Amino acid sequence: MSEIKRSLMNLSFYDQKGIEDKLEKMAARGWMLEKPGTVFWTYRKIPPQSLRFAVTYFPSATQFDPGPSEEQLTKEEFCAWDGWRLVARWDAMQIFCTAQEDPVPIETDPVTQVENIRRTMKKRVLPSQLAMAAVMVYWLVFQIAQLREDPVSYLSSNFQLLSLPVWAILLLASLREIVFCFCWYRKARRAAENGVFLPVRSRAVSTWLLLGAAVFLLLLAVGSSDMTLPAVLLW
């Protein structure tokens with residue numbers, strides 16, 4: 001049996017509870033996280049163990065940093081004193097584990113937790129999603145302008161007809177992520193003021209379904225056109 005295993009991570013980057021639960025189940029099955037990734041997470045074989053995991057965020061950290069900052073190292077030292085061992089760093093995320101059944105929580109202030117996630121979202125999610133949405137809006141306006149200028153030619157092209165819903169679906173996927181961030185923060189801030197942390201419960205499946213629908217329509221559009229292979233690969 002292989003000592004290394006790769007598993008699809010279909011959870012949101014900010015779904016702390018979901019990630020913690022998944023890592024605990026993997027450890028119970030004999031797999032310890034070795035390297036997180038955007039799509040796949042890598043695990044290594046270990047004896048099955050009952051472990052507790054904690055996911056935290058350090059907003060100022062990025063995947064391009066040459067190494068952890070002094071503040072990160074200090075935080076990791078404090079966590080180690082309470083029995084938490086660092087498992088992995090990934091971008092602004094730090095993952096810890098412990099064998100203690102009832103460990104001291106790493107984060108106890110809901111307001112700080114919510115603010116750390118908000119700052120991480122603002123830095124990691126919103127700029128890219130806003131830029132993506134702007135690109136989709138540009139192409140939708142361009143397609144609609146072509147339709148109004150020459151509707152007969154536009155409607156007679158399956159490629160152009162199918163491209164229009166592709167851009168619309170991709171725009172919807174980007175807007176979904178943006179709206180979700182704002183809605184979660186508004187609710188989480190109110191809950192935090194009452195001493196309750198509201199975890200992120202993003203349904204990544206819906207985003208994957210939207211992207212899958214866009215890819216399917218794009219393949220139909222390409223298949224119905226006379227595009228050359230290089231042009232297909234570019235698309």
Among I95, I46, I178, determine the one that fluctuates most according to a GNM of the chain built with springs between C-alpha atoms less than 10 Å apart. I46
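Roughly to the nearest percent, how much of the accessible area of the stretch 55-113 is carbon and sulfur, given a 1.4 Å probe? Write down the numbers at each step before the final one.
On the way: 1790 of 3330 Å².
Heavy-atom surface of the stretch 55-113 belonging to carbon and sulfur, 1.4 Å probe: 54 percent.
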Per Stokes-Einstein, at 25 °C and 0.890 mPa s, what whole-number D in µm² s⁻¹ belongs to the chain, with the Kirkwood radius over Cα pairs as the hydrodynamic radius? 119
Rounded to the nearest 10, the angle in degrees between the Cα long axis of helix 158-193 and the longest principal axis of the Cα atoms of the chain comes to 30
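Please compute the volume of the convex hull spanned by the alpha-carbon atoms of the stretch 56-104 and report it per residue in Å³.
Here the figure is 67 Å³ per residue.
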At most 15 other Cβ within 10 Å, DSSP loop - GluC sites (Glu not before Pro), the stretch 84-127: E101, E107
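Given 0.36 nm per residue, what is the gain on full extension from R189 to S2 after removing their alpha carbon distance, in nm?
Details: separation 187, 0.36 × 187 = 67.32 nm, distance 4.47 nm.
Contour length minus Cα-Cα distance gives 62.9 nm.
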Can you give me the angle between helix 126-149 and the longest principal axis of the chain, using Cα atoms only, in degrees from 0 to 90, rounded to the nearest 10? 10
Can you work out the accessible area per residue across the chain, with the rest of the protein chains kept in place, probe 1.4 Å, in square angstrom? 59
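Are any of the pairs K17/K187; K22/K123; K25/K45; K5/K35; K5/K25; K22/K45 more than 19 Å apart by Cα-Cα distance, and if so, which?
On the way: K17/K187 17 Å; K22/K123 26 Å; K25/K45 13 Å; K5/K35 11 Å; K5/K25 14 Å; K22/K45 16 Å.
In this structure, K22/K123 exceed 19 Å between Cα atoms.
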Pick out which of K122, K187, K25 has the largest mean-square fluctuation in a Gaussian network model of the chain, springs linking Cα atoms closer than 10 Å. K187
Roughly how tilted is helix 204-223, in degrees to the nearest 10 and between 0 and 90, from the longest Cα axis of the chain? 30
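How big is the Rg/Rh ratio for the stretch 1-130, C-alpha atoms only, Rh by Kirkwood, two decimals? Don't skip to the answer; put the middle values down first.
Details: Rg = 14.8 Å, Rh = 15.5 Å.
With Rh from the inverse mean 1/r over Cα pairs, Rg/Rh is 0.96.
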Select from M132, M93, M121 the residue whose mean-square fluctuation is largest in a Gaussian network model of the chain (Cα-Cα springs shorter than 10 Å). M132
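The values are calculated or read from the model by the stated rules, or taken from the named source; none is laboratory data. Bear in mind that the values here come from a model prediction, so they are computed numbers and not experimental data. All Cβ positions, glycine included, derive from the backbone under ideal geometry; neighbour counts span all protein chains shown. Just the protein is used for accessible areas: all its heavy atoms, side chains included, with ligands, DNA and RNA removed. Shrake-Rupley method; radii C 1.70, N 1.55, O 1.52, S 1.80 Å.
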